[in-house]
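Some notes on the structure that comes next.
The values are calculated or read from the model by the stated rules, or taken from the named source; none is laboratory data. What you are looking at is a predicted structure, and each value in this text was computed from that prediction instead of being measured. Here Cβ is always computed from backbone atoms with ideal geometry, including for glycine, and neighbour counts include all displayed protein chains.
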Amino acid sequence: MKYLSMVAARLGLTMALCVTIAGHVSAAEVVEKRIESEKHDFRIVKVAGGLHHPWAVTRLPDGRFLVTERRGKLALVDDGEVKYLGGTPEVSALGQGGLLDVALHPQYGDGEHDWIYLTYSKPGDGGTATALARARLGDGRLEKVEEIFVQDRFSSPGRHYGSRLAWRDDGTLLMTIGDRGVDRSRAQDITDHAGSVLRLTETGAAPEDNPFAGDKKGLAEIFSYGNRNIQGLVVAEDGRIWASEHAARTGDELNLIEPGVNYGWPRATRSKEYSRDEAIGAKTAPGTRDAVHYYEGRFAPSGLAYVNSAIFPNWQGNLLAGGLGSEKLLRIELDGDKVKATETLFAGKLGRIRDVYQAPDGYIYLLNDTSDGGLFRLEPAGR
């Protein structure tokens, strides 16, 4: 999806920043006045605080933000003020579960397609499953909530839900599901949604041209498999699908997702066991696709944005990847389907970065994963 900048000018102040966005003026606290980087010097401003383990953010056409909190709450952020909406789906907020990603229908704002899409860990017999619902924004609550997809198998424990969403230009919705954390081989089983990227219609059905549609050997929703736990997903301007994927101990991956491809987990991985210095699988394996890039150390990727904003012209065509355990924001310079260079934009300034999002206003927004988390905006530093 192409994002167009709605901001024509920027005003720099020393203690706070006032930004005019689509006729609305909001004030934000400057957290870091200037961070120097290779392509752009930038600052970090805090848009809102008091968020409890926020997981994902999207911006409404009127300038307000929707932010999911893992505990099951959906926050509406308006000029820094946080209010909570009723009507959210029931979630299991144990472990890594809860209310997870949020995305708007690509035609949101036309009335007919004003749907908000939410992923979450759904409780049920045998544990939990990753689920997808859509709803409309009413007065202080979600309305017309429809559960449109549920993973085929409920299981425990409460981890590796994946659960990022991204729209393709053909109107289909990509959704990630992790391997669920116990039986790693599930990611190699195309009759199991675990460890895969799904491709769905706007109503949660499987498109007829999916790789395994009509093939009784595999589930029709599966688009790719062999994915351990993708928590960063974005469709670039050229249509390429990029995904940040958690490995176990080291070996986190940046993958270029293509239909029907096996990305190897756990047969092919550069990851090691948590408890001992032993490789989990071979570095490569027949019939599997290697990662485009392996993140250094224990990056723990979450959140991925593609930059085409006029506000950051020297970052255009780059990816921005967030890190949880590493507490890093990484810039990834692409050359077609390869990684040309990387740069750590900062580390340790916001803590665990959970989401990275380029909004339609052209700015980059971040969420940090803590019990007193915040919504932050990156802006070019004042000249």
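Annotations for the structure displayed:
- Entirely in the stretch 1-108, the strands (runs of 3 or more DSSP E) that have 3 or more residues that are among the charged types (D, E, K, R) and at pLDDT 80 or above: 24-35
- Restricting attention to the stretch 335-371, the residues that are in a strand (DSSP E or B) and free of Cβ contacts under 8 Å to residues at least 60 places away in the same chain total 9.
- Selection within the stretch 319-333: residues that are farther than 15 Å from ILE44 by Cβ and in contact (Cβ under 8 Å) with a residue 60 or more places away in the chain. The member of this set that is surrounded by the fewest Cβ atoms within 10 Å (Cβ to Cβ) is ILE332.
- Residue count for the stretch 191-209, restricted to those that are surrounded by 20 or more Cβ atoms within 10 Å (Cβ to Cβ), touching a Leu at 6+ places or on another chain (Cβ under 7 Å) and more than 14 Å from PRO259 (Cα to Cα): 2
- Condition check for LEU375: hydrophobic (A, V, I, L, M, F, W, C), crowded, with 16+ Cβ neighbours inside 10 Å, within 21 Å of ARG240 (Cα to Cα) and out of contact with any His (no Cβ under 6 Å at 6 or more places or on another chain): no
- Single condition ALA321 does not satisfy, out of (1) farther than 21 Å from ILE230 by Cβ; (2) aliphatic (A, V, I, L, M); (3) part of a strand (DSSP E or B): (1)
- Residue match in the stretch 149-164 (condition: part of a loop (DSSP other than H, G, I, E, B), touching a His at 6+ places or on another chain (Cβ under 6 Å) and of a type in the set (Lys, Arg)): no
- Among the residues of the stretch 165-186, those identified as outside any strand (DSSP E or B) and either free of Cβ contacts under 8 Å to residues at least 40 places away in the same chain or under 20 Å from the mean Cα position of the chain (by Cα) (or both) are ARG168, ASP169, ASP170, GLY171, THR172, GLY178, ASP179, ARG180, GLY181, VAL182, ASP183, ARG186.
- Here LEU118 qualifies as surrounded by 21 or more Cβ atoms within 10 Å (Cβ to Cβ) and closer than 19 Å to THR172 by Cβ.
- Checking each residue in the stretch 219-267 for being hydroxyl-bearing (Ser, Thr, Tyr) and either under 15 Å from ALA285 (Cβ atoms) or buried (at least 24 other Cβ atoms within 10 Å of the Cβ) (or both) picks out SER224, TYR225, SER244, TYR263.
- Every residue from the stretch 94-135 that is acidic (Asp, Glu) and without any contact (Cβ under 8 Å) to a residue 60 or more places away in the chain: ASP110, GLU112, ASP114, ASP125
- If the condition is being in a strand (DSSP E or B) and in contact with a Ser or Thr (Cβ under 8 Å, 6 or more places away or on another chain), then the stretch 118-132 contributes LEU118, THR119, TYR120, SER121, LYS122, PRO123, GLY127, THR128, ALA129, THR130, ALA131, LEU132.
- Any chance THR130 is crowded, with 24+ Cβ neighbours inside 10 Å and not small (Gly, Ala, Ser): yes
- Leading residue by the ranking (surrounded by the fewest Cβ atoms within 10 Å (Cβ to Cβ)) among those in the stretch 145-190 that are of a type in the set (Ser, Thr, Tyr) and in contact with a strand residue (DSSP E or B) (Cβ under 9 Å, 6 or more places away or on another chain): SER156
- Looking only at the stretch 277-318, residues that are without any contact (Cβ under 8 Å) to a residue 24 or more places away in the chain, in a loop (DSSP other than H, G, I, E, B) and hydrophobic (A, V, I, L, M, F, W, C) come to 1 in all.
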